[in-house]
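In what follows, a single structure is set out as structure tokens and then discussed.
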Amino acid sequence: MKPTVAPFPAARLRRTRVSQPIRDLVRENALTTADLIWPIFVREGEGQMEPVESMPGVLRRSVDKVAEAAVEAQALGIPAICLFPYTDASLKTEDCAEAWNPDNLTNRAIRAIKQAAPDIAVMTDVALDPYNINGHDGYVVNGEIVNDASVEALVKMTLAQAEAGADIIGPSDMMDGRIGAMRRALEQAGHPNVTILSYSAKYASGFYGPFRDAVGASGALKGDKKTYQMDPANSDEALRLIKRDLMEGADMVMVKPGIAYLDICQRVKSTFGVPTFAYQVSGEYAMIQAAAQNGWINGEQVMMESLMAFKRAGCNGVLTYFAPEAARLLNG
Ligand code: PBG
């Protein structure tokens with residue numbers, strides 16, 4: 001669509017900005033609490049709420065506190081929570097067996113949320129990094145991140161999560177062929193309605209730094225993730241990955257990180273017209289919070305502006321650590 005405009009003064013484009021009600025009438029996009037997915041960090045213990053230093057305002061919660069947070073989220077109108085485990089170093093191994101332990105932190109948290117807040121959807125993270133002794137999302141053999149054996153492990157992890165009651169499986173590993181393998185396994189195991197929200201276009205990004213602190217993977221990670229996560233220089237490749245994942249059975253797709261990749265969000269939505277999400281990742285959150293805490297920006301305003309940007313780019317929703325704060329503002 002080409003924008004049309006009459007010559008001045010027939011058109012004075014400031015007319016539709018003259019007052020709040022007129023601005024409200026012509027607003028093109030809306031952000032609601034239904035657009036938010038809240039990522040939460042889970043830790044061992046009971047009654048625990050431990051601050052994550054590099055993410056002001058974000059906590060690692062024990063399972064009972066995660067259930068309380070889910071109740072709160074449900075009351076705020078947030079449709080989904082996404083779980084990330086802070087796994088004790090003693091449980092990190094080369095074979096990552098803790099990843100598909102039916103009683104690992106994530107699976108216990110899923111069951112606790114389902115008990116406490118049955119009307120909220122639970123999303124998971126599927127990748128080996130929280131359980132891997134070397135911090136990678138896939139198995140490392142002779143210094144190489146191997147694909148097919150990793151996919152087999154990721155499928156076991158997926159099934160354990162579905163068994164525990166997960167509604168949305170979130171593969172963030174970027175291995176090839178994992179979506180198809182997960183979809184087949186879910187069908188065979190009697191979970192035809194479990195959705196997959198694929199981290200299809202996930203970039204090898206510096207914006208994940210604070211997250212790796214939050215899940216205790218920073219110290220563990222050897223090397224970088226460039227043989228599986230995308231080169232920030234690429235855009236066409238993102239469309240190929242999205243298409244591939246859709247063909248393999250993904251129901252929804254994600255672009256990650258968020259604000260620096262809005263062009264990718266827009267291309268994905270306009271090309272495929274599928275449910276599209278962005279992840280406003282830890283580094284984006286940390287930058288806004290740090291500047292706000294220094295009084296250099298208005299934190300609330302920048303939070304809402306950044307979230308609206310995802311809607312403008314065509315996203316159906318956004319994973320954001322701001323979810324409860326934004327929801328409280330939206331609910332007045
Ligand atoms: C790991 C994973 C990462 C994030 C989500 N899942 C980090 C990584 O790939 O190293 C990042 C989320 C964030 O930064 O907020 N599978």
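With both bridge residues required to lie in the stretch 1-90, what share of the DSSP beta bridges run antiparallel, to the nearest 5%?
Values: 3 of 12 bridges.
So the antiparallel bridges amount to about 25 percent of the total.
What distance in nm separates the two pseudo spin-label positions at Met308 and Glu53, each 7 Å out from Cα along the beta-carbon direction?
3.6
So for each of 182-195, 204-217 I average, over its residues, the number of other beta carbons within 10 Å; can you give me the resulting order with the highest mean first?
Working: 182-195: 15.9, 204-217: 19.4.
Going by the mean number of other Cβ atoms within 10 Å, highest first, we get 204-217, 182-195.
May I ask for the distance between the Cα centers of the stretch 129-172 and the stretch 228-265, given as a whole number of Å?
19
So how do 5-11, 15-21 stack up, highest first, on mean other-Cβ count within 10 Å? Don't skip to the answer; put the middle values down first.
Details: 5-11: 8.1, 15-21: 10.0.
Put in order of decreasing packing, that is 15-21, 5-11.
So, counting K/R as plus one and D/E as minus one, what does the shell of residues with Cβ under 11 Å around Val194 add up to? Write down the numbers at each step before the final one.
On the way: positive: Arg183; negative: Glu163, Asp167, Glu187, Asp251.
Local net charge: -3.
Could you give me the radius of gyration and the Dmax of the stretch 91-188, taking only the C-alpha atoms into account and expressing both in angstrom?
13.3, 45
Hey, fewest Cβ within 10 Å first, where do Cys82, Cys96 land in order?
Numbers: Cys82 20, Cys96 25.
Sorted ascending by nearby Cβ count, the order is Cys82, Cys96.
What lysines sit close enough to Lys225 to cross-link, taking a C-alpha to C-alpha distance under 20 Å and skipping anything fewer than 8 places away on the same chain?
Lys92, Lys202, Lys256
May I ask you to sort Ser306, Ser235 by Cβ crowding, counting other Cβ atoms within 10 Å and putting the fewest first?
Numbers: Ser306 20, Ser235 13.
Fewest-to-most Cβ neighbours within 10 Å comes out as Ser235, Ser306.
Excluding Asn316 itself, what net charge comes from residues whose Cβ is under 9 Å from its Cβ, given Lys and Arg +1 and Asp and Glu -1? All intermediate terms of the calculation are to be shown ahead of the outcome.
Numbers: positive: Lys269, Lys311; negative: Asp35.
Here the count lands on +1.
Cα-based Rg (one decimal) and Dmax (whole number) for the chain, in Å?
That works out to 20.4, 71 Å for Rg and Dmax.
Taking every DSSP beta bridge that has both residues in the chain, what percent is antiparallel when rounded to the nearest 5?
Values: 5 of 36 bridges.
Bridges in the chain are about 15 percent antiparallel.
We did not get these values from a lab; they are worked out from the coordinates using the rules stated. Since the model is a prediction, treat every value here as computed from it, not as a measurement. We place every Cβ from the backbone using ideal geometry, glycine too, and count neighbours over all the protein chains shown.
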